[in-house]
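Have a look at the structure below, then the notes.
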Amino acid sequence: MLLYNYHIEFLTATILNWKHLLKDDAYKQVIVDSLQWLTEQARCTIHGFVIMPNHIHLLWRISNLHDRFNVQGALLSYTAHRFKTVAKEDGKLFKHFVADKDRLFQFWERDSLVKECWNETFLLQKLNYIHHNPCQPHWKLAATPEDYKWSSARFYHTGVSEFGWLKHYAG
């Protein structure tokens with residue numbers, strides 16, 4: 001049995017061509033459902049997240065018995081398949097047509113950004129960045145970080161989470 005030793009990681013995954021696919025709550029819910037499934041399957045622990053209109057940020061730790069490539073691949077593959085179903089239902093599938101040799105539709109950029117959080121200072125900087133992202137002037141998604149539903153900010157601000165799979169980074 002192969003044992004890995006992962007630190008908490010900062011992941012950014014972007015929708016292809018920065019399209020605002022995740023503006024609609026149905027697509028955000030696909031992300032939330034996938035994160036719940038991954039944690040229920042003990043593939044990872046989620047310590048922070050935000051779902052923006054065209055990208056997501058996660059602070060997560062891949063479980064020691066799982067390979068990062070496979071866990072990240074499961075997240076992106078599952079969500080892409082679900083996005084395809086939702087896009088068919090809402091009539092927007094054609095917007096994601098790519099006709100590549102290995103696929104007809106694509107939702108995620110191919111190379112997600114992953115940075116290991118080697119120390120608490122870096123981790124807190126990324127957590128702060130995640131939580132304040134919706135409040136940036138170019139987004140204007142919320143007045144305060146804890147006002148934005150699709151984020152871990154409310155959990156860190158109040159200690160209450162509507163996402164049962166979310167775990168404090170220190171606990």
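Of the listed values [x] 17.5, 55; [y] 23.9, 80; [z] 15.9, 48, grab the one calculated as Rg and Dmax of the Cα atoms in Å from the structure here.
Evaluating Rg and Dmax of the Cα atoms in Å on these atoms matches [z].
Round to a whole angstrom and tell me the spacing of the C-alpha centers of segment 1-71 and segment 149-168.
15 Å
With +1 assigned to the C-beta of every Lys and Arg and -1 to the C-beta of every Asp and Glu, and no other charges, what is the dipole magnitude of segment 27-118 about the Cα centre in debye, to the nearest 20?
140 debye
Classify segment 58-140 as rounded, prolate or oblate from the Cα gyration tensor: take a ≥ b ≥ c as the square roots of its eigenvalues, call it rounded if a/c is under 1.5, otherwise prolate when a/b beats b/c and oblate if not.
Verdict is oblate for segment 58-140.
So, with +1 on the Cβ of K and R and -1 on the Cβ of D and E, and no other charges, what is the size of the charge dipole of segment 109-171 about its Cα centre, to the nearest 20 debye?
60 debye
Determine, from the Cβ-Cβ distance of Thr121 and Ala42 and an R0 of 25 Å, the FRET efficiency 1/(1 + (r/R0)^6), rounded to the nearest 0.05.
Efficiency computed from Cβ-Cβ geometry: 0.30.
Under the Karplus relation 6.51 cos²θ - 1.76 cosθ + 1.60, θ = phi - 60°, what is the ordered set of whole-Hz ³J(HN,Hα) values for segment 10-17, x standing for Gly and Pro?
Result, rounded to whole Hz: 9, 10, 10, 10, 10, 5, 3, 6.
Across segment 43-52, in residue order, what do the Karplus-derived ³J(HN,Hα) couplings come to in whole Hz, using 6.51 cos²θ - 1.76 cosθ + 1.60 with θ = phi - 60° and x for Gly and Pro?
Ordered by residue, 3J(HN,Hα) equals 8, 6, 10, 9, 10, x, 6, 8, 10, 9 Hz.
Between rounded, prolate and oblate, where does segment 1-42 land on the alpha carbon gyration tensor, with a ≥ b ≥ c its root eigenvalues, rounded for a/c under 1.5, else prolate if a/b exceeds b/c?
Oblate, because a/c is 1.5 or more while a/b does not exceed b/c.
Where does the chain land at 222 nm, in deg cm²/dmol rounded to the nearest 500, when only DSSP H runs of n ≥ 4 count, each adding -39500 (n - 2.57), divided by all residues?
-11000 deg cm²/dmol
Which value in nm describes the separation of the simple spin-label points at Gln136 and Arg61, placed 7 Å from the Cα toward the beta carbon?
The modelled label-to-label distance comes out at 2.8 nm.
About its Cα centre, what dipole magnitude does the chain give when the only charges are +1 on Lys and Arg Cβ and -1 on Asp and Glu Cβ, stated in debye to the nearest 20?
320 debye
Going toward the positive end of the dipole of segment 24-161, with +1 on Lys and Arg Cβ and -1 on Asp and Glu Cβ, which of Leu65, Ile46, His81 do you reach last?
His81
How many Å² of accessible area per residue for segment 99-171, probe 1.4 Å?
Dividing the accessible area of segment 99-171 by its residue count gives 63 Å².
The values are calculated or read from the model by the stated rules, or taken from the named source; none is laboratory data. From a predicted model like this one, the values you see are computed outputs, not experimental measurements. Please note: Cβ atoms are built from the backbone with ideal geometry, for glycine as well, and neighbour counts cover all protein chains shown. Note: areas computed on protein heavy atoms with side chains; ligands, DNA, RNA excluded. Shrake-Rupley method; radii C 1.70, N 1.55, O 1.52, S 1.80 Å.
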